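Written below as structure tokens is the structure these notes are about.
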Amino acid sequence: MAATLARDPVLRDAARHSAARMAVLLALTLAGTATTLLLPAALGRALDQLLTGSPGATRAALLCAALTAAQVAVSAVASALAGTTDAHAAALARHRLLGHVLAVGPAADRRFGPGDLTTRSTVNAAHAGTAPAALASLAATLLTPLGGILALALLDWRLAAAFLVGLPALALLLRSFARSSADAVARYQDLQSGIAGRLVETLGGARTVAAAGTERRERDRVLASLPDLAAQGHRMWRVNARATGQAALLGPFLQLAVLAAGGLLLSGGHLSVGGLLAAARYAVLATGVGVFVGHLNRLVHARAAARRLGDVLALPPVPHGRLSLPPAGDGSGRLEFHGVTAGRGGRPLLRGLDLTVPAGATLAVVGRSGTGKSLLAELAGRLTDPDAGCVLLDGTDLRDLDRATLRREVGYAFERPALLGATIGEAIALGPVPPSAAAVAAAAASAHADGFIHTLPDGYDTPRAGAPLSGGELQRLGLARAFVHHRRLLILDDATSSLDTVTEMRVGAALMARGHARTRLIVAHRPASAARADLVAWLDGGRIRALGPHRDLWDRDGAYRAMWRTGENGDG
């Protein structure tokens, strides 16, 4: 088991960072093991001295009391240290997992889903965090039965021989328990994550469920695997119960064998009464499967959880280069796509696409639903990478830019922005460089969010979680966040879809002002948005079907007009 754990990178990393705590815990548990093994011998000696009336009986009794007190004290300190070690290792696992998920980017959410990632970073990280303390305790706990067998041999080799007759059966019991428990635990954790994933999905659509009146059906869908979860839980209990039951049968048998041998030795004068008492106690320690199984069970849970963390950590993080861009100027902000091929879920959406957005221009991307407009927007700011081809900003491949430059020079506003920060003001200010309060207010005014913000109880200092926001208000805050940082390139992925027509026109006019970004790429679903842009890129069949001003495309291409009139210019 220890060799297997050593090959697990998650548990190996946890053990390395908890090495000092593990060393102290190991020392404490070894000290506890030593007192546990010394106590039967001391009790036996004290009994013999009491029976013979030896003057050293008092000292022997005091030694027994001291060993008992030491055993209790060491156990208490070791328990406290084990708890803090678990917490430290779990926190380390969560920090590492979260950092990696953020480094991987949106691909992690697409691969696992938010519910599964939440379970892995909470429940599974907590289980994986128990490994260092359990491993340190297991090493010392293993010495207790081994020490018990050795003590029997020191009393009389025939006592140890009587015990060793049943040792192979004990080893088979532990091996069977580890294998059966590992499979049940892994299956249980997978089912648990499935329920969490469906629950997060349902909570996100709570209004839709309420409006459709499908609460009971949705509850049944979320909990569909609950019977399987219960079955695996019962299976784990059965595995534990079977191991405990078999140990309960085997342990007394081995202890009786030792007592029988000890009785014969006592009757033959080869063992004292105190020696028989010590032998009986050592037989109990040698068959102490219960404590060992408990630590082994924790390691089995930790290993299964670590594998689930390892699945996430195996996702490759987004690599970044080391190049920077020259200072922004009048000629900066040129965006180019060269032979770009990309898709989603194995489905190709863009095929060998070539597109150039001149510096300082506003480009509207339009096309039928599912043609890859949002994918193009993700590629433009490197939220994802193309399968083939390259995307250049001012002549530099986005993959060659260092992370700080990329995120400083490229900004986004989304259809459903996520507000992060303690207050409304902090949510708008989120970005690589903290803006001033005046800049935040100016950006909110440009996004026409300033008016409703002042109606909130504490204005910009209103706690974000307690602010009731409509879909349009949420989008305006997302736009304000995009406006507050001056970018070389600003990408709006359907970021005005929830705004009314008048507000959308006003925000669009503010967007066209050159102060917020040099170049703008807009996924547009309204003709007015396309009309305000300098150029329109019409996506069709994975390529650019037409490129030009909206008025020119409208006048010369009936299919373009039909796309707007029939409402085919939809999501994606």
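The values are calculated or read from the model by the stated rules, or taken from the named source; none is laboratory data. These numbers come from a predicted model, not from an experiment. Positions of Cβ are generated from backbone atoms using ideal geometry, with glycine treated the same way; all protein chains shown enter the neighbour counts. The area values use the complete protein model at the heavy-atom level, side chains included, leaving out ligands, DNA and RNA. Shrake-Rupley method; radii C 1.70, N 1.55, O 1.52, S 1.80 Å.
For the chain, what does the accessible surface come to per residue with a 1.4 Å probe? Please give it in Å².
47
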Legend entry - the chain, helix-only ellipticity at 222 nm - DSSP H runs n ≥ 4, -39,500 (n - 2.57), divided by all residues, nearest 500: -20500 deg cm²/dmol
Legend entry - Residue list for the stretch 413-429, given a label point 7 angstrom along the Cα-to-Cβ vector of residue 458 and an amide N cut-off under 18 Å: 419-429
Legend entry - Assigned charges on the beta-carbon of Lys, Arg, Asp, Glu; the chain dipole about Cα centre (debye): 940
Inset, instruction - State the answer as a single residue: which of 448, 479, 489 lies farthest towards the positive end of the charge dipole of the stretch 441-553, with beta carbon charges of +1 for Lys and Arg and -1 for Asp and Glu, about the Cα centre. - result: 489
Inset, instruction - Mean Kyte-Doolittle of at least 1.0 plus a Cα span of 18 Å or more along the axis: flag which DSSP H helices in the chain meet both, please. - result: 19-52, 57-104, 131-155, 273-286
Inset, instruction - Count the DSSP beta bridges whose two residues both fall in the chain, then state the antiparallel fraction as a percent rounded to the nearest 5. - result: 50
Inset, instruction - Report the semi-axes of the equivalent ellipsoid for the stretch 464-572 in whole Å, largest first, where each axis is √(5λ) for an eigenvalue λ of the Cα gyration tensor. - result: 27, 17, 12
Legend entry - Net lengthening on full extension, residue 562/residue 512 (0.36 nm per residue, minus Cα-Cα): 15.3 nm
Inset, instruction - Give, as a single signed number, the net charge of other residues whose beta carbon lies under 14 Å from the beta carbon of residue 46, with Lys and Arg counted +1 and Asp and Glu -1. - result: +2
Inset, instruction - Let me know the Kirkwood hydrodynamic radius for the stretch 408-510, please, with Cα pairs as the basis and the value in Å to one decimal. - result: 13.3
Inset, instruction - With the Cα gyration tensor of the stretch 342-399 in hand, convert its eigenvalues to equivalent ellipsoid semi-axes via √(5λ) and list them largest first in whole Å. - result: 19, 15, 9
Inset, instruction - Could you order 225, 79 so the one with the most accessible surface comes first? Probe is 1.4 Å. - result: 79, 225
Legend entry - Net charge of Cβ neighbours under 12 Å - reference residue 348; Lys, Arg +1; Asp, Glu -1: +3
Inset, instruction - Treat the stretch 24-71 as a sphere of radius equal to its Kirkwood radius over Cα pairs and apply Stokes-Einstein at 25 °C in a medium of 0.890 mPa s; give the translational diffusion coefficient in µm²/s, rounded to a whole number. - result: 219
Inset, instruction - Could you state how much accessible area residue 8 has, in square angstrom rounded to the nearest 10, with a 1.4 Å probe and all protein chains kept in place? - result: 20
Legend entry - Rg and Dmax [Cα atoms of the stretch 1-146; Å; Rg one decimal, Dmax integer]: 22.2, 79
Inset, instruction - Take every Cα-Cα distance within the chain, group them into 10 Å bins from 0 onward, and report for each bin the whole-number percent of pairs it holds. - result: 3, 13, 18, 18, 14, 10, 8, 7, 5, 3, 1, 0
Inset, instruction - Would you kindly find the accessible area of residue 285, with a 1.4 Å probe and non-protein molecules such as ligands, DNA and RNA excluded, rounding to the nearest 10 Å²? - result: 20
Inset, instruction - Determine the share of the chain's accessible area contributed by carbon and sulfur atoms, expressed in whole percent, with a 1.4 angstrom probe. - result: 62
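Can you give the local net charge around residue 451? Use residues other than it whose beta-carbon is closer than 15 angstrom to its beta-carbon, Lys and Arg +1, Asp and Glu -1.
The answer is -1.
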Inset, instruction - Order 512, 505, most accessible first, counting only protein heavy atoms with a 1.4 angstrom probe. - result: 505, 512
Legend entry - Most positive-pole-ward Cα, 142, 428, 233, against dipole of the chain from beta carbon charges: 142
Legend entry - Percent of Cα pairs exceeding the 11 Å cut-off, where the set is the stretch 67-115: 73
Legend entry - Extreme residue, positive dipole direction of the chain, given options 72, 32, 252 (C-beta unit charges): 252
Inset, instruction - Using only the alpha carbons of the stretch 456-528, determine the length spanned along each of the three principal axes and report them from longest to shortest in whole angstroms. - result: 35, 26, 17
Inset, instruction - Sort 282, 460 by accessible area with a 1.4 Å probe, largest first. - result: 460, 282
